[in-house]
1. On the basis of being surrounded by fewer than 24 Cβ atoms within 10 Å (Cβ to Cβ) and closer than 16 Å to B:A171 by Cα, does B:A232 make the cut?
2. Suppose the filter is buried (at least 19 other Cβ atoms within 10 Å of the Cβ), in a helix (DSSP H, G or I), hydrophobic (A, V, I, L, M, F, W, C) and within 12 Å of another protein chain (Cβ to nearest Cβ); does A:L119 pass it?
3. Just a yes or no: is a residue in the range B:252-270 within 18 Å of the chain's Cα centre (by Cα), assigned to a loop (DSSP other than H, G, I, E, B), within 22 Å of B:V100 (Cα to Cα) and touching a residue at least 12 places away in the same chain (Cβ under 8 Å)?
4. For the range B:71-86, which positions are hydrophobic (A, V, I, L, M, F, W, C) and within 19 Å of B:A117 (Cβ to Cβ)?
5. Testing A:A171 on (1) more than 14 Å from chain B (Cβ to nearest Cβ); (2) over 16 Å from A:L137 (Cβ atoms), one condition comes back false. Which one is that?
6. For the range B:141-158, give me each residue that is within 15 Å of the chain's Cα centre (by Cα) and small (G, A, S).
7. Those residues that are part of a loop (DSSP other than H, G, I, E, B), charged (D, E, K, R) and under 14 Å from A:L105 (Cβ atoms), I need them from the range B:197-235; list them, please.
8. Among the residues of the range B:101-113, are any surrounded by 22 or more Cβ atoms within 10 Å (Cβ to Cβ), away from chain A (no Cβ under 14 Å) and either over 27 Å from B:S6 (Cα atoms) or in contact (Cβ under 8 Å) with a residue 40 or more places away in the chain (or both)?
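The values are calculated or read from the model by the stated rules, or taken from the named source; none is laboratory data. Everything numeric here is computed off the predicted structure, so don't read it as measured data. Glycine gets a Cβ as well: all are built from the backbone with ideal geometry, and neighbour counts include every protein chain shown.
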There are 2 protein chains.
Amino acid sequence: MTVPLSLNTVTVRDRWSLAQCIEGCARHGIPGISPWRDKVAEMGLAQAARAIRDAGLAVTGLCRGGMFPAADAAGRAAAIEDNRRAIEEAHALGARCLVVLGGGLPPGSKDLPGARAMLRDGIAAILPEARAAGVTLALEPLHPMTCADRSVLSTLAQALDLCDEFGEGTAVAVDVYHVWWDPDLARQMHRAGTGPEGGRIAAFHACDWLVPTTDLVFDRGMPGDGVIDIPAIRAMAEDAGYAGFTEVEILSRRWWAEDPDDVLRIVKQRHATSC
Amino acid sequence: MTVPLSLNTVTVRDRWSLAQCIEGCARHGIPGISPWRDKVAEMGLAQAARAIRDAGLAVTGLCRGGMFPAADAAGRAAAIEDNRRAIEEAHALGARCLVVLGGGLPPGSKDLPGARAMLRDGIAAILPEARAAGVTLALEPLHPMTCADRSVLSTLAQALDLCDEFGEGTAVAVDVYHVWWDPDLARQMHRAGTGPEGGRIAAFHACDWLVPTTDLVFDRGMPGDGVIDIPAIRAMAEDAGYAGFTEVEILSRRWWAEDPDDVLRIVKQRHATSC
């Protein structure tokens with residue numbers, strides 16, 4: 001089976017607009033794209049949707065919703081409103097999912113269970129709209145090193161517990177960077193394949209863990225440059241019923257400094273050899 | 001209950017020898033110490049043991065054994081030999097445990113399950129000597145961000161699985177920095193309290209997670225300066241039957257630059273207010 005490739009636009013975020021990403025994917029023969037909301041807003045939602053459709057690209061996800069924990073009720077309500085807009089955008093783009101992130105601890109808080117409850121409550125609040133719009137909420141656990149300031153959603157087990165609770169309309173996004181270290185990974189990937197409606201993996205993201213890693217956020221590696229056995233994790237996803245795109249998503253100061261056309265060429269090559 | 005304090009000597013490693021740490025603990029009224037092996041070697045094992053005994057300090061652990069994964073059989077054998085020496089040293093010092101770290105992936109390897117098997121096999125190899133010497137092997141899971149180059153032992157669940165397998169002579173070291181993010185923490189801490197011989201927590205380490213964290217290894221925080229709810233995790237340890245020391249262990253370029261007497265004063269204060 002040839003796995004189709006998708007470009008997460010953050011990979012070239014510093015040099016290309018969404019319009020350039022769409023043209024770049026077409027030029028390089030990359031059949032999928034996963035845009036970030038700020039780039040969609042910059043281009044205009046309707047125009048972005050049209051350009052992506054005209055280019056014949058699949059939208060493998062919209063980045064990103066979630067981020068529910070906040071210091072007060074007004075902050076939590078604002079996050080929920082923002083997620084409702086994200087659902088509309090995902091629907092308009094025909095995205096296969098809206099990627100939902102946990103968000104970090106509210107400023108000054110040490111109440112991790114409390115923040116996790118806010119995440120749960122946020123999902124509960126937006127799920128009716130997501131279901132009505134036919135937009136899958138792809139809960140993406142992020143690496144535990146992001147727990148304080150980006151994601152209290154830390155493991156695949158935790159994401160699947162939420163899927164178990166909420167059922168229809170929820171799934172997981174598996175990013176190898178965030179889950180590769182997990183001693184429980186094989187078991188949880190298997191579990192992801194056993195939802196009542198079949199597999200619960202809505203998206204599969206790839207990049208690599210560099211040795212050494214010099215930044216907790218912006219030092220992700222090009223597939224093949226690090227230590228993650230990406231094909232082994234992809235195989236787990238396929239065993240769990242996932243047959244979709246591999247989306248390459250690299251947040252990296254090093255790659256942001258390169259010519260995006262070079263980056264796309266290398267992404268395509270590494271997708272073939274290292275994913 | 002007043003929790004006794006122990007100083008992990010790495011906290012002041014750049015400015016103080018082990019002899020200075022021993023004198024410093026006595027001067028500041030800190031009743032426990034946990035030395036690193038390089039500092040013990042520098043002072044001489046017999047002299048270190050005598051000085052610690054003369055100062056009336058409890059040795060809450062010896063840092064560190066483990067680090068078993070290696071690229072070839074000779075490397076693995078060398079690691080096992082080194083651990084046998086570490087067991088002798090822990091015995092000579094009267095240490096309550098030898099802290100056992102997972103070690104990272106062998107250079108060039110992407111075989112994480114293989115490295116984890118090497119860790120398991122290493123423990124199996126040294127356990128007879130540890131039991132004969134009465135030295136508890138305290139398996140310490142490190143934060144998942146260290147998985148590639150320091151610790152394939154990533155979660156408390158994984159450490160307790162090894163304790164379940166090996167039984168007598170094995171236990172866990174719980175460092176709040178490494179486990180605070182874990183959605184499964186409360187359950188695993190409870191599990192740690194249920195070994196056949198009672199609780200399986202041999203050591204409790206404290207420092208804090210700073211926001212932002214700027215280095216994956218050397219940017220740990222003084223208790224109280226970060227987001228970890230240390231008292232909540234200490235309470236879990238006590239519920240699991242642990243009544244021992246809280247050992248403050250801070251790897252931090254910022255604190256290494258300070259006057260060690262100031263550091264010890266602040267450690268003592270924060271132990272009282274934030275642990």
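1. no
2. In short, yes.
3. So far as the range B:252-270 goes, no, none of its residues is within 18 Å of the chain's Cα centre (by Cα), assigned to a loop (DSSP other than H, G, I, E, B), within 22 Å of B:V100 (Cα to Cα) and touching a residue at least 12 places away in the same chain (Cβ under 8 Å).
4. B:A71, B:A73, B:A74, B:A77, B:A78, B:A79, B:I80
5. (2) is the only condition that A:A171 fails.
6. Within the range B:141-158, B:S151, B:S154 meet the criteria.
7. The answer is B:D229, and nothing else.
8. Scanning the range B:101-113, I find at least one residue that is surrounded by 22 or more Cβ atoms within 10 Å (Cβ to Cβ), away from chain A (no Cβ under 14 Å) and either over 27 Å from B:S6 (Cα atoms) or in contact (Cβ under 8 Å) with a residue 40 or more places away in the chain (or both), so the answer is yes.
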